[in-house]
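S.K.: Got a structure for you, questions after.
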Amino acid sequence: MSTAAVEMSIITAPTTLPLIAPSILSADFANLGQECKAVLEGGADFLHLDVMDGHFVPNLTMGEALCASLRKAFPTTYLDAHLMVEQPKSFIESFASAGANLFTGHIESSDDPIEMARAIHDAGMDAGLAINPPTDVEEILPYIEYYDLILIMSVNPGFSGQAFIPEVLEKVTLISERLRPSQRLQMDGGIGPMTVGSAKEAGCDVIVAASAIFSTNDYAAAIEELRTA
Ligand code: DX5
Ligand code: ZN
């Protein structure tokens with residue numbers, strides 16, 4: 001079990017919302033430690049790690065070794081692992097050991113979401129459940145109560161830098177009215193200064209952004225703009 005995970009949870013404890021989570025997918029991988037330090041010093045609340053397996057989505061990105069390196073370099077930073085993989089449940093133990101604080105699997109690749117939430121909590125992490133744009137919101141509703149965070153994808157996952165799909169905002173309303181005050185609603189994909197307002201207005205309180213932060217030369221300003229826009 002990750003010791004960092006049991007110390008605190010930035011997502012379930014009372015906190016100032018929205019939370020801004022840079023996705024390191026658009027960072028300069030040859031300079032990753034410095035990139036993470038820069039966004040954290042620039043006001044990021046935590047780091048979002050996009051884990052892709054080349055099967056659930058057509059891309060390969062990062063895994064447990066990278067998570068463990070970030071845990072070592074940033075001992076108190078909350079690490080959010082977004083698993084775009086087949087069989088997410090089979091990665092729970094290894095990401096907990098690597099120091100992840102939040103483990104989010106997809107409804108589309110989870111055959112037993114209640115059991116997955118239990119296993120994530122047993123491993124000492126917060127539990128997240130994600131839904132892709134084409135998936136009917138009805139599929140996730142029965143499982144919301146078991147999770148600390150629901151992630152509504154606003155692009156089809158696989159790559160950063162894609163255009164925001166506004167139709168997913170309808171899901172936000174339906175899900176947010178079912179959440180307890182300690183549960184968070186995260187949106188991920190195509191979020192930047194032009195789209196963040198509609199996401200927050202609809203009820204999202206955790207904002208993920210990759211290109212809108214890492215493509216700028218002032219990370220602090222980009223983060224502040226996402227927080228206040
Ligand atoms: C989607 C990933 C996102 C992605 C966001 O495949 O889950 O986290 O990196 O990238 P932007 O913010 O550039 O759309
Ligand atoms: Zn993501």
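The values are calculated or read from the model by the stated rules, or taken from the named source; none is laboratory data. This structure is a prediction, so every number in the text was calculated from the model and none was measured. All Cβ positions, even for glycine, are placed from backbone atoms using ideal geometry, and neighbour counts span all protein chains on display.
S.K.: Looking at the stretch 96-129 only, could you name the residues that are farther than 13 Å from residue 81 by Cβ and of a type in the set (D, E, K, R)?
M.R.: Those that are farther than 13 Å from residue 81 by Cβ and of a type in the set (D, E, K, R): 108, 111, 112, 115, 118, 122.
S.K.: Please state which one of 45, 50 is at pLDDT 95 or above, out of contact with any Phe, Trp or Tyr (no Cβ under 6 Å at 6 or more places or on another chain), of a type in the set (Asp, Glu) and not in a strand (DSSP E or B).
M.R.: Result: 45 is the single residue among 45, 50 that is at pLDDT 95 or above, out of contact with any Phe, Trp or Tyr (no Cβ under 6 Å at 6 or more places or on another chain), of a type in the set (Asp, Glu) and not in a strand (DSSP E or B).
S.K.: Continuing with the same structure: Taking the stretch 116-163 as the region of interest, how many residues are surrounded by fewer than 19 Cβ atoms within 10 Å (Cβ to Cβ), assigned to a loop (DSSP other than H, G, I, E, B) and either touching a Gly at 6+ places or on another chain (Cβ under 6 Å) or among the aromatic types (Phe, Trp, Tyr) (or both)?
M.R.: Final tally of qualifying residues: 3.
S.K.: Let me ask something else about it. Which residue, of 70, 60, is within 16 Å of ligand 1 (Cβ to nearest atom), surrounded by fewer than 18 Cβ atoms within 10 Å (Cβ to Cβ) and more than 21 Å from residue 121 (Cβ to Cβ)?
M.R.: Within the list 70, 60, the selection yields 60.
S.K.: Out of the residues in the stretch 193-210 that are buried (at least 21 other Cβ atoms within 10 Å of the Cβ) and not in a helix (DSSP H, G or I), state the one that is nearest to the chain's Cα centre (by Cα).
M.R.: The extreme case among them is 208.
S.K.: In the stretch 174-181, is there at least one residue being assigned to a helix (DSSP H, G or I) and within 16 Å of ligand 1 (Cβ to nearest atom)?
M.R.: No, there is no match, as no residue in the stretch 174-181 is assigned to a helix (DSSP H, G or I) and within 16 Å of ligand 1 (Cβ to nearest atom).
S.K.: Those residues that are among the hydrophobic types (A, V, I, L, M, F, W, C), within 11 Å of ligand 1 (Cβ to nearest atom) and in contact (Cβ under 8 Å) with a residue 40 or more places away in the chain, I need them from the stretch 189-210; list them, please.
M.R.: 207, 208, 209, 210
S.K.: Let me ask something else about it. All but one of (1) in a helix (DSSP H, G or I); (2) crowded, with 20+ Cβ neighbours inside 10 Å; (3) away from ligand 2 (no atom under 13 Å from the Cβ) hold for residue 11, so report the exception by its number.
M.R.: The failed condition is (1).
S.K.: Would you tally the residues in the stretch 23-43 being out of contact with any His (no Cβ under 6 Å at 6 or more places or on another chain) and within 14 Å of ligand 2 (Cβ to nearest atom)?
M.R.: 4
S.K.: Another one. Test each condition in (1) surrounded by fewer than 16 Cβ atoms within 10 Å (Cβ to Cβ); (2) within 16 Å of ligand 1 (Cβ to nearest atom) for residue 213 and report the one that comes out false.
M.R.: With respect to (1) surrounded by fewer than 16 Cβ atoms within 10 Å (Cβ to Cβ); (2) within 16 Å of ligand 1 (Cβ to nearest atom), residue 213 is out only on (1).
S.K.: Among the residues of the stretch 189-229, write down those that are touching a Gly at 6+ places or on another chain (Cβ under 7 Å), away from ligand 2 (no atom under 16 Å from the Cβ) and not hydroxyl-bearing (Ser, Thr, Tyr).
M.R.: Of everything in the stretch 189-229, those that are touching a Gly at 6+ places or on another chain (Cβ under 7 Å), away from ligand 2 (no atom under 16 Å from the Cβ) and not hydroxyl-bearing (Ser, Thr, Tyr) turn out to be 220, 223, 224, 229.
S.K.: From 56, 91, grab the single residue that is part of a helix (DSSP H, G or I), of a type in the set (Phe, Trp, Tyr) and closer than 25 Å to residue 183 by Cβ.
M.R.: 91
S.K.: Still on this model: I'm trying to understand the selection: among the residues of the stretch 30-53, which are within 13 Å of ligand 1 (Cβ to nearest atom) and without any contact (Cβ under 8 Å) to a residue 40 or more places away in the chain?
M.R.: Matches in the stretch 30-53: 47, 53.
S.K.: Something else: Scan the stretch 172-188 for residues that are touching a residue at least 40 places away in the same chain (Cβ under 8 Å) and either surrounded by 24 or more Cβ atoms within 10 Å (Cβ to Cβ) or within 16 Å of ligand 2 (Cβ to nearest atom) (or both) and report the count.
M.R.: 3
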